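Just below is one structure, and these are the notes that go with it.
Bear in mind that the values in this text are calculations on the coordinates, not laboratory data. It should be emphasised that the depicted structure is a prediction, and the values quoted were computed from it without experimental measurement. Cβ atoms come from the backbone with ideal geometry, glycine included; neighbour counts cover every protein chain shown.
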Amino acid sequence: MLGLLKAVGTTIRTALRKPITVQYPIEKKELPHRARGFPILLWDFDKDESFCTGCQVCARYCPVDCMTVTMKDNPKKAEGKSTRKKIVDKFYIDYARCMRCDICVEVCNFDAIVMNNTWEGVELSKYDRQDLVMDLPVLLRQSQSGELKDPFREPMGVAHSGWTPKQEEEEEVVEAKKEGGEG
Amino acid sequence: MAIEHHAPPEHELDTIDINVNVGPQHPATHGVFRMVLTVDGEVVTDLDPVIGYMHRGNEKLPENCDYRQAIGYHDRTDYLAQFNTEHCYVEAVEKLTGLTPPDRAEYIRVILAEFNRISSHLMFLGAFGTDVGLFGTSFMYAFRDRETIQDMFEEVTGERMMFNYFRPGGVAWDLPDDFDELARGVLSQIKRGIKDIDGLMMDNEVVLVRCRGLSPVSREDAINWGLSGPMLRACGIQHDVRRADPYSIYDRFEFDIPVGEQGDVFDRMTVRFDEIKQSVRIIEQALDQISEGPIMVEGMKRILRAPAGEVYMRVESPRGEYGVYVVANGSDKPYRHKVRAPSFCNLSALRAMSIGQYVADVIVILGSIDIVLGEVDR
Amino acid sequence: MILGMIVDNVWLDALIRLGGVAMLVPLTVIVLTWVERKVMGRIQMRLGPMRVGPYGLLQGFADTIKLLTKEDLRPTTADRWVFELAPFAIVVPIIMALVTLPFTADILIRNLTLGLFYIVALQGLSIVGFVMAGWGSDNKYALIGGARAAAQLISYEVPFILSILAVAMVAGSLDIGIVVGSQDDTPFIAYLPLAFVIFMIAGLAELYRQPFDIPVAESEVVGGPFVEYSGIRWSMFQLGEFVGMVLISILASLIFLGGWQWPIGGDVPEWAQAVTMAIKTVAFILFFMWMRASLPRLRVDQLMAYCWQLLLPFAFLQIIINGLALAYDWPLWTLTVMSLIGAGALVYLTHRAARQSGVMNQPTGVSAQQVGSVL
């Protein structure tokens, strides 16, 4: 009988506590800095074009083959405004297939793709499955309009294998980029 | 079974056994699992489990993926203990290629795997309460703590469930700067939170009456049927892969292995509950011992090719012994990739354990095996 | 205790009162569904309904509207009349029992001299409805659930009635007005703790709530005898369950806690009586909901063993104690002492039965015929 009293005592104690649930659409919790939404592309404000050059590395390494990428000659290179010889022409990501594994971000040589750590990266209900195939303007929209304040851009995976202690942080990022550029 | 009453021969009375189909959609089976019970009154005389509703090709598809892409498949095999499965696969690849991950990476792996063990056992306790009849109270208590753990996982890796964080050679990126306080905060919340579950379920007379003495398993039967994990330890056998065949850095920590006595449903529940406390101990020791350092092995190649060979690696997942058998042939994709799932082996003992029990008890027994259908069907 | 008339014509007066009950009962049930969801939510550390209306107050109405507009399904192979009349067979007796159940000295429909007898007789009638629902649904799960429900309800009727009988013995009459009147200075719970404990346990079983809710066990036989019902017939079952809960709560506060007379006495205004009764009734209702959230369910053979091997002998014991005390004219505190000893023995034996192996713990072999002893 004592066990029963302990059980009902426990429930009455918890009944007097503050509830732990949050009323979702009205209040949303804050997503952490590293939150992993679906991938989006970044916009280079200096050169006024996307970072992505359409090199197809991410599409090749995607485990579920959710991306289709094509490249074209960069018209701004001819005009002398940019150093990128090629630029992305078409970029489709099928969000219905993407499993948010982060490998595309890890292998990208130009740090052009990043996981969306805002609520828009996860609130993606649509009525038709075809609406989940995102094309280039949609993927660039959030970065281009300046909404994407603080994406998680720490170097990943293999980039850590030439580890140096934290004081030389700037050089570490440059090292990673150089290694990535040559690989 | 024909029961003959004293009736004239032309009116012989038979009782027939009815088939009750506990179908793939049912609130009690943990996933899409189907049992066809043959029932005589209230007592089960035969049980026919039907699996395969969740088969996704988890062993064939990684043959087309290289070693880094295949990590995601292990997340989805046992979707409640993802870090343990990733740990197993990543260690297997490291054995094949001869890599040794640095110390800090090992500590990070152990800390996260033990947190995942706690959250898996919490999920079990919540779901088991629902099986026994508590109307969702145990679920909410367990999930309150599980949510804190998942929020911590989100701070570290970005995902709440399918992490894809371990890599062959180390981990993908470093822990955040405030991880120590974060982890210790979560631990103190867990220590407070399991007192609620303790008070609600462990001494509750009605739970005792339902679970104690229900389908006890003897030691010989447990070993013959190939059980592992908490099912085996509840029978009194002190076998834990972390002690018997230590992998990673588990030999640096002090922890006990809780065992039960008769192997009945109540013992399985207490063994899992005590394992939560032991995992808390391991995490505290690891947090004290972890130090700064690299998180990925030096000179890691971008394309990992494993020399021809084979390896079988096993870990102690919350459900039992999870094993990965990889055959490599020199290219960057595994040639054969097989998963030894503990839930599949434990589930094969269900028929022997439930013949002669009541229908209501079969549900409780199934809940106590703690299966995950992703593992069973792969 | 004379009943004040609202209007002079007896028939019109009865009609007005019946109309009042007919309007209040569904309203009470709707409010109770909201209360239950909120209370269960708080025990589980969550908020409960919050969206429909302020703090989810209109949730009960929304659920009722949803249930009323659902399609009324009937399986083609179901036995038509049995299937369709089963909800009525469960609900009508329970609402009829409200005829003689007083809320205060004046708020009741009619007072019968055989009030308690009438109430328990009608409670027993609703068992037929379960069997009808189980059989008429042409579904194995419903059949199992209906058989279990009938077995449980019939068994727990006996201790239930015996504990009410114990109260009637001490009060000297089956008239509820007299029972409440004789609790002027001490409520009967002080004289009959054993009968109170038996009444609460048997009452929980009569309402098929946790820990005795095997008939409607959701995770096992998916709803029991009610599995094929939808829409308004389903809502009638819910109505029956909640009205039964209100009935047993009011009955418990009347016969054990002194109704509207203790502790404030008989000459108080109407509203004070109503408030006293309301507090006691609400306390019992919250107690039932609290039990639902904290206790798992017993298996059907354990349930039956508990009733026949423990509750029933102790119910008889209480009657014997009453008989001795009243026949030999002993002072009433002896009754308290003996009854307390009995209650202590019941609690101790329950504890022992749960902790050690016996029929409450060991499931039997393939033949379910052998039933061990609980003691």
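Gyration tensor analysis over the Cα atoms of the stretch B:70-201 returns equivalent ellipsoid semi-axes of 29, 17, 11 Å (largest first, whole Å). Backbone phi angles across the stretch B:298-308, fed through the Karplus curve with coefficients 6.51, -1.76 and 1.60 (θ = phi - 60°), yield HN-Hα couplings of 5, x, 6, 7, 6, 10, 9, 10, 9, x, 4 Hz in residue order; Gly and Pro are listed as x.
With an a/c value of 1.5 or above and a/b larger than b/c for the gyration tensor axes a ≥ b ≥ c computed over the alpha-carbon atoms, the protein assembly as shown is described as prolate.
For the stretch C:10-355, the alpha-carbon radius of gyration amounts to 1.01 times the rule-of-thumb value 2.2 N^0.38 Å expected for a compact globular protein. Listed by Cβ neighbour count within 10 Å, with the fewest neighbours leading, A:91, C:316 appear as C:316, A:91. As a calculated quantity, the FRET efficiency between residue B:256 and residue B:181 at R0 = 30 Å, using C-beta atoms, amounts to about 0.65.
Rounded to the nearest Hz, the phi-derived 3J(HN,Hα) couplings of the stretch A:94-111 under the Karplus curve 6.51 cos²θ - 1.76 cosθ + 1.60 (θ = phi - 60°) are 8, 5, 6, 9, 4, 10, 6, 8, 6, 6, 5, 5, 5, 8, 5, 7, 10, 6, where x marks glycine and proline.
In chain B, helices alone account for a calculated mean residue ellipticity at 222 nm of -13500 deg cm²/dmol, with every DSSP H run of four or more residues adding -39,500 (n - 2.57). Report the residue, chosen from B:265, B:311, B:93, that carries the largest GNM mean-square fluctuation when chain B is represented by alpha-carbon nodes joined by springs under 10 Å. Among B:265, B:311, B:93, the largest GNM mean-square fluctuation belongs to B:311.
Pair-distance distribution of the stretch B:165-276: all C-alpha pairs, bin width 5 Å, starting at 0; shares per bin in whole percent are 2, 10, 14, 15, 17, 15, 12, 8, 5, 2.
Springs join every pair of Cα atoms under 10 Å in this Gaussian network model of chain A, and among A:28, A:90, A:18 the largest mean-square fluctuation is at A:18. Along its first, second and third principal axes, ordered by size, chain B spans 89, 48, 34 Å in Cα coordinates. Estimated purely from DSSP H runs of n ≥ 4, each contributing -39500 (n - 2.57), the mean residue ellipticity at 222 nm for chain C is -21000 deg cm²/dmol once divided by its residues.
For the protein assembly as shown, the Cβ-based charge dipole about the Cα centre amounts to some 680 debye (Lys, Arg positive; Asp, Glu negative; other atoms uncharged).
Within the shell of other residues whose beta carbon sits under 15 angstrom from the beta carbon of residue C:57, the net charge comes to +1, with Lys and Arg scored +1 and Asp and Glu -1.
Taking the C-alpha atoms only, the angle from helix B:179-197 to the longest principal axis of chain B is near 10 degrees. Based on alpha carbons, the Rg and Dmax found for chain A are 22.2, 86 Å. Per residue, chain A reaches -8000 deg cm²/dmol at 222 nm when only DSSP H runs of four or more residues are counted, each adding -39500 (n - 2.57). Taking every pair of alpha-carbon atoms in the stretch C:62-145, give the share separated by more than 14 Å as a whole percent. Considering the stretch C:62-145, 71 percent of its Cα-Cα pairs are separated by more than 14 Å. Counting neighbouring beta carbons within 10 Å and listing from fewest to most, the residues A:48, B:131, A:94 come out as A:48, A:94, B:131. With a 10 Å cut-off around each Cβ of B:294-300, the average count of Cβ atoms from other chains is 5. Please report the spacing between the Cα centers of the stretch C:136-206 and the stretch C:274-332 in Å, no decimals. Here the answer is 7 Å between Cα centres. Each other residue within a Cβ distance under 14 Å of residue B:159 adds +1 if Lys or Arg and -1 if Asp or Glu, for a net charge of -1.
Can you tell which of B:109, B:314, B:68 shows the greatest fluctuation in a Gaussian network model of chain B with Cα springs below 10 Å? Residue with maximal mean-square fluctuation among B:109, B:314, B:68: B:68. With Cα atoms defining each centre, the stretch C:35-103 and the stretch B:141-190 are spaced 43 Å apart in the structure. From the alpha carbon centroid of the stretch A:99-126 to that of the stretch B:289-317 is 25 Å. Taking other Cβ atoms within 10 Å as a rough exposure proxy, A:29, A:149 sort from fewest to most as A:149, A:29. With only the Cα atoms considered, the stretch C:184-304 has a convex hull volume of 111 Å³ per residue. When the P(r) is computed for the stretch B:59-138, the part past 20 Å accounts for 47% of the Cα-Cα pairs.
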